[in-house]
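Reviewing the structure listed below.
The values are calculated or read from the model by the stated rules, or taken from the named source; none is laboratory data. Everything quoted here is computed from the prediction, not taken from an experiment. Neighbour counts run over all protein chains shown; Cβ positions are idealised from the backbone, glycine included. Accessible surface is based on the protein model in full, side chains and every heavy atom, while ligands, DNA and RNA are left aside. Shrake-Rupley method; radii C 1.70, N 1.55, O 1.52, S 1.80 Å.
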Amino acid sequence: MGVHFRFRQQWMVAAMIAGVLLLVAALPLLRPASVDYNAEIKPILNKHCLACHGGVKKQGGFSLLTRDDALSPTESGKPAIVPGRPDESEMIRRLICSDPEERMPYQKEPLAPADIALLKRWIREGAKWELHWAYRPVLAPAVPTATGLWWKFWTNDNHNWPRQDLDRFVLDRLHKENLVPSPEADKKVWLQRVAMDLIGMPAPDSVRAQFLRDDAPAAYERLVDTLLASPRFGERWAAMWLDLARYADTKGYERDSRRFIWRYRDWVIQAFNDDMPYDRFLTEQIAGDLLPHPTDAQWIATGFHRNTMTNDEGGTDNEEFRVAALLDRVNTTWTAVLGTTFNCVQCHSHPYDPFLHKEYFEFAAFFNNTRDEDTWEDYPALRHFKKTEDSLKLNELHGWLKLQCSPEKTEETVRFIRTWQPAHYSLAADSFRNCELYDTKWLSMRNHSQARLKNVDLNGKNRLIWRYTAPENGGRCTLRLDRPDGPLLLTTVL
């Protein structure tokens with residue numbers, strides 16, 4: 001009897017210990033989860049607060065656009081939110097205040113008690129901000145594992161389904177929706193789908209016939225490899241990028257004339273067909289001209305940022321439309337490369353993206369060194385010689401320069417011939433006398449006329465090349481330094 005009692009006593013002690021351990025293990029499950037800012041707090045702020053305390057408004061010096069703004073002192077000299085102390089936070093006091101002149105939201109329905117309680121919890125937990133999910137680092141999700149009778153039914157009848165991890169995600173969602181996988185498509189249907197996706201058109205007859213005759217398991221992979229090697233693949237998928245690069249746009253504005261940028265189109269197609277690495281694909285389009293010894297292809301790639309609208313209408317301000325082109329490059333870069341509508345903060349900060357108004361123009365500074373002077377010819381441009389003999393002459397000159405000059409001088413000379421850069425354009429002229437900018441583009445001079453071309457640095461220069469058109473021979477042009485009666489630089493007969 002005594003032995004039995006001792007055994008029972010030991011069993012009770014063990015059960016009590018196990019119960020305590022189970023309770024301790026369950027405590028984290030009983031504790032309420034931390035407040036989710038994006039899912040629980042931000043919707044409240046967006047609906048009830050940001051109309052007056054965010055975006056273009058900052059009533060009382062209080063803004064909820066960013067955490068730094070929210071915790072900064074307001075016009076009262078004190079912050080409206082004190083992390084960890086909801087009872088000391090002016091924001092909470094205003095939400096529960098009975099005075100209609102102080103209670104927030106002002107002259108609107110008060111917040112629901114549950115929303116106020118949630119805001120209190122959020123402040124008590126430190127008033128933490130969170131990035132939108134789109135701006136968080138990408139993490140690999142756990143691959144679903146299918147179990148149960150449903151899974152066994154389908155694996156027994158479809159032993160090849162799923163074939164890869166992606167299929168397991170599809171299968172998991174089908175299970176949740178009480179759906180089953182569709183039957184496998186026959187080869188003809190599968191061929192049509194793949195061809196339209198990869199090359200944008202039906203597969204060539206020879207490719208189609210070969211695939212339908214091939215019963216080997218690797219026939220599908222061979223077909224995909226054949227379509228990827230087709231020139232049509234680059235044409236199909238380049239269209240997506242060319243839309244982002246606004247390839248189909250005209251010059252816009254008043255004349256809205258066409259532009260010739262097909263060489264850039266061909267570069268994009270070739271980049272897709274060559275399977276160019278994405279980092280190089282972006283680098284050459286954004287800064288191909290800044291690479292060491294850029295090739296023609298790298299120059300052409302910068303057409304990505306040359307396809308801005310150009311306003312060469314008479315009477316327009318060149319600086320205004322230079323800045324317009326600059327901002328277009330900023331917006332296009334963020335849309336095409338980063339998938340973000342960065343231009344939303346061009347005018348003011350707003351609550352939907354984690355970017356500030358000033359950051360927009362900090363980024364714009366990277367592009368604020370370009371020459372966009374709204375010339376009719378869209379200079380600077382890379383010259384391509386239509387005549388074969390001209391290309392041969394350039395190659396001959398290049399070879400001669402290599403023998404006679406330094407590599408730096410050779411590159412400088414060839415670049416000048418190919419781009420006519422560096423250059424000063426006559427549309428930058430001012431101080432006109434008996435002359436004018438014809439259509440605000442070309443400096444048109446008459447007899448006994450004069451004009452100034454400003455900011456031309458001649459230090460260390462011993463050669464001046466200039467282009468002009470003279471309707472008659474025998475005229476004379478005189479260039480002087482700094483002023484109309486300044487030191488004589490040259491006199492030439494036209």
Among Pro277, Asn307, His132, the residue whose Cα sits farthest towards the positive end of the charge dipole of the chain, when +1 is placed on the Cβ of each Lys and Arg and -1 on the Cβ of each Asp and Glu, is His132
Sum of -39500 (n - 2.57) over DSSP H runs of 4+, divided by residues of the chain (222 nm, nearest 500):
-13500 deg cm²/dmol
Positive dipole terminus of the range 43-132, leading residue within Ile123, Ser89, Pro73 (C-beta point charges):
Ile123
Net dipole in debye of the chain [+1 Lys, Arg Cβ; -1 Asp, Glu Cβ; about Cα centre; nearest 20]
660 debye
Rounded to the nearest 10 degrees, the helix 165-176 long axis (Cα) sits at an angle to the longest Cα principal axis of the chain of 50 degrees
Take each of the peptides 384-390, 199-205, 476-482, average the number of other beta-carbon atoms within 10 Å over its residues, and list them starting from the highest.
199-205, 476-482, 384-390
What FRET efficiency, computed as 1/(1 + (r/R0)^6) with R0 = 41 Å and r the Cβ-Cβ distance, is obtained for Ala239 and Leu397, rounded to the nearest 0.05?
0.60
What do you get for Rg/Rh over the chain if you use C-alpha atoms and the Kirkwood form of Rh?
1.13
Suppose R0 equals 35 Å. What FRET efficiency, 1/(1 + (r/R0)^6) with r the Cβ-Cβ distance, do Cys347 and Trp466 give to the nearest 0.05?
0.25
Farthest positive-ward along the range 280-436 dipole, Cα basis, beta-carbon charges - from Ala364, Ala324, Val337:
Val337
Using only Cα atoms and rounding to the nearest 10 degrees, what angle (0 to 90) does helix 388-404 make with the longest principal axis of the chain?
90 degrees
Burial-style ranking of 365-371, 246-252, average other-beta-carbon count within 10 Å with highest first, yields 246-252, 365-371
Pairs Lys393/Lys454; Lys387/Lys454; Lys393/Lys461; Lys78/Lys108; Lys387/Lys409: which are spaced more than 30 Å apart, C-alpha to C-alpha?
Lys393/Lys454; Lys387/Lys454
How high is the FRET efficiency between Arg452 and Arg67 when r is their beta carbon distance and R₀ equals 51 Å, given to the nearest 0.05?
0.45
Difference of contour (0.36 nm per residue) and Cα-Cα distance, Tyr438 to Cys477
12.2 nm
Which order do the peptides 181-194, 127-140, 312-325 take when ranked by the mean count of other beta-carbon atoms within 10 Å per residue, highest first?
312-325, 181-194, 127-140
So, with points 7 Å from each Cα along the Cβ direction, the Ser98-Arg173 label distance in nm works out to 5.4 nm
I'd like the accessible area for Glu396, computed on protein heavy atoms only with a 1.4 Å probe and all protein chains in place. Round to 10 Å², please.
140 Å²
Which residues in the range 111-145 have a backbone N closer than 16 Å to a point placed 7 Å from the Cα of Ala51 along the Cα-to-Cβ line?
111-112
Compute the angle between helix 278-287 and the longest alpha-carbon principal axis of the chain, please, reported from 0 to 90 degrees and rounded to the nearest 10.
40 degrees
Per residue, how large is the accessible surface of the range 402-494? Use a 1.4 angstrom probe and give square angstrom.
80 Å²
Where only protein heavy atoms count, and the probe is 1.4 Å, what is the accessible area per residue for the range 190-236 in Å²?
65 Å²
